[in-house]
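A.B. asks: So that we are looking at the same thing, I have put the structure below in structure tokens.
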Amino acid sequence: MKPSEYEIMIAVNTPIGFPHLVCGWPDEEHGITWDNYLSDAIKWVEATEEDEDVPPYKPFDVWKDEVRGQDEERCNLGFSHERCDLCGALAGDRHAVTALPEEQTSRYDYVGLAVCWDCVQFIANGELPDWLEEEA
Ligand SMILES: [Zn+2]
């Protein structure tokens, strides 16, 4: 495969209407959501002893930062038997990439992709895989 063919393949496999590829997945994909914040807050309330006032719970922003900090490797999705979503590479380690629409509407819309190391390098740095053939 040549570099131009690789770039075309990435373009063909990029979801239609979601042309912007960025590394990582949004918080939602990792359970960093308002609903999960509320359920943690409820556990906090339930842990209060009878006849005691419920102590204040941490703000949403603080909670989000804490949860994010618990898994710094969250963009590394680990081994998968599925092919790479962008280049079709066979089973291997996968990395999180998000495809964003041309224009962001009020509704936050995206497509979560799982891609190989070569593709995540290409998206992050524009670096082409070194196994590509010379352009003729
Ligand atoms: Zn790939």
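A.B. asks: Is it true that Glu103 is of a type in the set (Asp, Glu), touching a helix residue (DSSP H, G or I) at 6+ places or on another chain (Cβ under 6 Å) and either away from the ligand (no atom under 15 Å from the Cβ) or not in a strand (DSSP E or B) (or both)?
C.D. replies: Taking the combined requirement at face value, the residue does not satisfy it.
A.B. asks: Ok, one more. Do the conditions hold for Ser39, that is, is it touching a strand residue (DSSP E or B) at 6+ places or on another chain (Cβ under 6 Å) and not basic (Lys, Arg)? Steps first, please.
C.D. replies: Details: touching a strand residue (DSSP E or B) at 6+ places or on another chain (Cβ under 6 Å): no; not basic (Lys, Arg): yes.
The answer is no for Ser39.
A.B. asks: Additional query: Output the residues belonging to the stretch 106-136 that are of a type outside the set (Gly, Ala, Ser), in contact (Cβ under 8 Å) with a residue 40 or more places away in the chain and part of a strand (DSSP E or B).
C.D. replies: Scanning the stretch 106-136 gives Val111, Leu113.
A.B. asks: Further question on the same structure: If I ask for residues that are of a type in the set (Val, Ile, Thr) and either touching a Pro at 6+ places or on another chain (Cβ under 6 Å) or over 15 Å from Trp25 (Cβ atoms) (or both), which ones from the stretch 99-136 would you list?
C.D. replies: Within the stretch 99-136, Thr105, Val111 meet the criteria.
A.B. asks: Inspect the stretch 38-53 for any residue being surrounded by 12 or more Cβ atoms within 10 Å (Cβ to Cβ), in contact with a helix residue (DSSP H, G or I) (Cβ under 8 Å, 6 or more places away or on another chain) and not acidic (Asp, Glu) and give the result as yes or no.
C.D. replies: Scanning the stretch 38-53, I find no residue that is surrounded by 12 or more Cβ atoms within 10 Å (Cβ to Cβ), in contact with a helix residue (DSSP H, G or I) (Cβ under 8 Å, 6 or more places away or on another chain) and not acidic (Asp, Glu), so the answer is no.
A.B. asks: Scan the stretch 54-66 residue by residue and report those that are surrounded by 10 or more Cβ atoms within 10 Å (Cβ to Cβ) and under 24 Å from Asp109 (Cα atoms).
C.D. replies: Phe60, Trp63, Lys64, Asp65
A.B. asks: Does Glu82 satisfy being away from the ligand (no atom under 14 Å from the Cβ), in a loop (DSSP other than H, G, I, E, B) and either not assigned by TED's automatic domain parsing to the domain that holds Ser39 or not hydrophobic (A, V, I, L, M, F, W, C) (or both)?
C.D. replies: It is false that Glu82 is away from the ligand (no atom under 14 Å from the Cβ), in a loop (DSSP other than H, G, I, E, B) and either not assigned by TED's automatic domain parsing to the domain that holds Ser39 or not hydrophobic (A, V, I, L, M, F, W, C) (or both).
A.B. asks: Picking from Trp44, Trp25, Trp34, Trp63, which residue would you name as being under 30 Å from Ser4 (Cβ atoms) and of a type in the set (Phe, Trp, Tyr)?
C.D. replies: One residue alone meets the criteria, Trp25.
A.B. asks: Counting only residues that are farther than 18 Å from Val12 by Cα and under 19 Å from the mean Cα position of the chain (by Cα), which one in the stretch 104-120 is modelled with the highest pLDDT?
C.D. replies: It comes out as Trp117.
The values are calculated or read from the model by the stated rules, or taken from the named source; none is laboratory data. The shown structure was predicted, so the numbers you read here are calculated from the model rather than taken from an experiment. Neighbour counts are summed over all protein chains in view; Cβ atoms, including those assigned to glycine, are modelled from backbone coordinates with ideal geometry.
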